[in-house]
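Undergrad: This is the structure I have questions about; it appears just below.
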Amino acid sequence: MDSNFNPLFSLLPQDILNKILSLLNNDSKAFRTVCKAFNNVDLVNRTHLKVLRPEFLPGLLTKFTKIQSLDVSACAHFNNSTVSILLSYNMNWVLRLKSINLSRSPGLTYIGLEMLVRECLVLENVDVSYCVDFGDREAAALSFCCRLKELKIDRCLGVSDVGLAKIAVGCKNLESVSLKWCFEITDLGIDLLCNKCLDLKNLDISYMKVTNEALRSIANVQRLELLAMVACRRVDDGGMHYIGNGCPSLRVLDVSRCDKLSSFSLEALIKGHHGLLQLHASYFSIELPVFLLHVDSFSCLTVIRVDGARVTDYILEFIGDNFTNLIDISLGKCEGVTDSGIIKLVSSCMNLKVVNLTCCKLLTDSAIKAIADSCRRILCLKLECCNLLTERSLDHLGSNCLLLEELDLTDCSGVNDIGLGYLSKCSELLNLKLGLCGNISDKGVSYISSNCSKILELDLYKCSGIGDSGLAAISSGCKKIKKLNLSYCTLVTDRGIGCLGRLGELSDLEMRGLSKVSGPGLIVLAAGCKRLAELDLKHCEHVHDCGFWGLAQTRNLQQINLSCCRISDVGLCLLMSNLTRLQDAKLVNLVNVSAEGLELALRASCFRLKKLKLHASVRHRLSYEIVSTLRATGCKIRWD
């Protein structure tokens, strides 16, 4: 930050500076580095804070005086002691806090939770998903949060009907509840929740062991707008009958992978809910779309997702004629999708913005031409494994779909450099997937880089024609890129990886199997990419300790895959001890690392790690003490 940069900014009134900040689309980090005036505006306006290390929390909460939302899900050790220190250090922040994300916080028990919620009197949103020790006592502690409106307890396997009952009785203002994978909660718990929380609008019971009786209770919730019940395999047509005769406010329904439901029950449900906006029924029934032919007219329906079903041209034509307000349709892996059907569909549904045609292998350039001609405001198009497409499809998209933001061309063998030249006219592209496209080279990537400067994610997995020149073009033209996949791009050398060091926004890099990359390239990458948080180096067998020593200087790395690398005992210990924010490490098949060296490295990082992957052969070579310590601190170990 340059304190002397354009002193004119310091003369601007506060309301003008606030307006500038509001127009930046959450890019406050770049905003506050401009000058002191901008930094001061950010200090007094920031309402959300995400931290990686709990020891910084007291100072940050004092510094930012308007924080209303706090995310500590990335903190390795946010526990009862942390809560106690925060509450004793500064009490002002608890009077403002409305939302807190505590997901994956293994050290926080009912004692810390109760202290927290009793002091945060205006708390409305709590996320405790994936907290392995979260059980009924912790749920009882949350019940003191009487103003709670949104709650997520996904995969909290210790919560039963007793815990949910406590929450339902204490938090009667709940509007949104997510209970995915809470296997111990039964129909009884759902019944009590529905009877006590009358303002409930959103409910997610996906992957739970509930039966029709739970749906009978849910049907009585008058204000329910969203019901997600993915893979509820104990529910059948009888349960869906209850929903069909109840839930008068239902707008969104997700019954994907509910294999005991028939299309007839869904037909009856839709006929009873003329205000339904979204229907998600992927992998529900292979004959699912047939029921749409018996539905009169639902002009309100805007989203239909029926992946994995069998369709015909007539069904697609019927959808187009009767659901003209569609903006999102997903037909991934559907049998029977042809050019004729897509042409008939899009000729009527001209407002489509999201189209998923993954693995619709019968489609040719004619279908893409129809989409490009009719749906000119399309934002997202998924065409993975559509192998009959050629550069002509990309020509149509580049000529007509100038607002396109996301395009998936994974494993489309007809995509080549000429096609990427046409596609480069889509200058609004944010996410482009070209994995397994073997006919593209550095030339095609340079077309994209020269015109698509807004790209945030680029996937070049196993693109064997991509080398150093392509990476140089990316580093020059795509300065905003955050996620890049170069795995098995075997032509890439240290020179290309060094070019990536100019990408200051890069946070996620996959570079598996780059056999020509060694230590010097990794050193330059680590020095330039200060925001790198996730790095996959699996099978980079020519990177030795010197490269890992350079990587040890990075400050933000949270996830790393070193499997099958040539790192030594000393290199691993140095790396693991210096990566102070590391939470997820994959350390399989490290042939140059001994059991003693691995144990020392784990001791240096055990209080930070949340996930660890090791080879099964080292399980009995590590001491009982280190394994117990890792588990006690909440680290989930996977033995591969």
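The values are calculated or read from the model by the stated rules, or taken from the named source; none is laboratory data. Given the structure is predicted, the values throughout are model-derived calculations rather than measurements. Ideal geometry is used to build each Cβ from the backbone, glycine not excepted, and the neighbour counts take in all protein chains shown. In case anyone asks, the SASA skips ligands and DNA or RNA and just uses the protein heavy atoms, side chains included. Shrake-Rupley method; radii C 1.70, N 1.55, O 1.52, S 1.80 Å.
Undergrad: Would you mind finding the one in S563, S605, S617 that is modelled with pLDDT under 95, among the polar types (S, T, N, Q) and touching a Leu at 6+ places or on another chain (Cβ under 8 Å)? Walk me through it before giving the result.
TA: Details: S563 fails: modelled with pLDDT under 95; S617 fails: touching a Leu at 6+ places or on another chain (Cβ under 8 Å).
Testing whether each residue is modelled with pLDDT under 95, among the polar types (S, T, N, Q) and touching a Leu at 6+ places or on another chain (Cβ under 8 Å) leaves just S605.
Undergrad: Hey, among the residues in segment 439-460 that are assigned to a loop (DSSP other than H, G, I, E, B) and open to solvent by less than 70 Å² (accessible area, probe 1.4 Å), which one's nearest to S515 (Cα to Cα)?
TA: Step one: of segment 439-460, the residues assigned to a loop (DSSP other than H, G, I, E, B) are 439-441, 452-456, 460.
Restricting the remaining residues to those that are open to solvent by less than 70 Å² (accessible area, probe 1.4 Å) gives 440-441, 452-453, 455-456, 460.
Values: I440: 20, S441: 18, C452: 29, S453: 29, I455: 27, L456: 26, L460: 16 Å.
Across segment 439-460, the extreme among qualifying residues is L460.
Undergrad: Residues that are closer than 22 Å to R137 by Cα, open to solvent by less than 40 Å² (accessible area, probe 1.4 Å) and at pLDDT 85 or above, at least 1 per element: which helices (runs of 4 or more DSSP H) completely within segment 51-121 meet that?
TA: Working: elements: 57-63, 80-89, 110-119.
By residue number, 80-89, 110-119.
Undergrad: Take the residues in segment 76-135 that are aromatic (F, W, Y) and touching a Cys at 6+ places or on another chain (Cβ under 8 Å); name whichever of them is farthest from L179 (Cα to Cα). It would help to see each step written out before you state the result.
TA: Taking segment 76-135 first, the residues aromatic (F, W, Y) are 78, 89, 93, 110, 130, 134.
Then keep just the ones that are touching a Cys at 6+ places or on another chain (Cβ under 8 Å); that gives 130, 134.
On the way: Y130: 11, F134: 13 Å.
Only one residue fits best here, namely F134.
Undergrad: Within segment 471-499, take every residue that is in a helix (DSSP H, G or I) and among the polar types (S, T, N, Q) and give me the one that is least open to solvent (accessible area, probe 1.4 Å). Give the steps one after another, and end with the answer.
TA: Keep residues of segment 471-499 that are in a helix (DSSP H, G or I), which gives 471-477, 494-499.
Retained after the next criterion (residues that are among the polar types (S, T, N, Q)): 475-476.
Numbers: S475: 0, S476: 76 Å².
Checking each candidate, the answer is S475.
Undergrad: For segment 414-438: of the residues being among the small types (G, A, S) and not in a helix (DSSP H, G or I), which is nearest to the chain's Cα centre (by Cα)?
TA: First, the residues of segment 414-438 that are among the small types (G, A, S): 414, 419, 421, 424, 427, 435, 438.
From the residues that got through so far, the ones that are not in a helix (DSSP H, G or I) too are 414, 424, 427, 435, 438.
Working: G414: 29, S424: 26, S427: 24, G435: 19, G438: 28 Å.
Of everything passing the filter in segment 414-438, G435 is nearest to the chain's Cα centre (by Cα).
Undergrad: Please enumerate the residues belonging to segment 150-199 that are polar (S, T, N, Q) and closer than 17 Å to E124 by Cα.
TA: Hits for segment 150-199 are N173, S176, S178.
Undergrad: Shifting gears a bit: Does segment 417-432 contain any residue that is open to solvent by less than 10 Å² (accessible area, probe 1.4 Å), modelled with pLDDT of 95 or more and in contact with a strand residue (DSSP E or B) (Cβ under 6 Å, 6 or more places away or on another chain)?
TA: yes
Undergrad: Name, by its number, the condition in (1) out of contact with any Leu (no Cβ under 8 Å at 6 or more places or on another chain); (2) farther than 23 Å from M91 by Cα; (3) at pLDDT below 95 that does not hold for C146.
TA: Going through (1) out of contact with any Leu (no Cβ under 8 Å at 6 or more places or on another chain); (2) farther than 23 Å from M91 by Cα; (3) at pLDDT below 95 one by one, C146 breaks only (2).
Undergrad: Oh, and also: Take segment 298-311 and flag every residue that is buried (at least 17 other Cβ atoms within 10 Å of the Cβ), part of a loop (DSSP other than H, G, I, E, B) and either out of contact with any Pro (no Cβ under 6 Å at 6 or more places or on another chain) or not hydrophobic (A, V, I, L, M, F, W, C) (or both). Outline the logic, then answer.
TA: In the first step, residues of segment 298-311 are kept if they are buried (at least 17 other Cβ atoms within 10 Å of the Cβ); the result is 298, 301-309, 311.
Remaining after also requiring part of a loop (DSSP other than H, G, I, E, B): 298, 301-302, 306-309, 311.
F298, L301, T302, D307, G308 - these are the residues of segment 298-311 that are buried (at least 17 other Cβ atoms within 10 Å of the Cβ), part of a loop (DSSP other than H, G, I, E, B) and either out of contact with any Pro (no Cβ under 6 Å at 6 or more places or on another chain) or not hydrophobic (A, V, I, L, M, F, W, C) (or both).
Undergrad: In segment 589-622, how many are of a type in the set (S, T, N, Q) and surrounded by fewer than 14 Cβ atoms within 10 Å (Cβ to Cβ)? Break it down stepwise before answering.
TA: First pass over segment 589-622, keeping only residues of a type in the set (S, T, N, Q): 589, 592, 594, 605, 617.
Within this subset, residues satisfying the condition of being surrounded by fewer than 14 Cβ atoms within 10 Å (Cβ to Cβ) are 617.
So the answer is 1.
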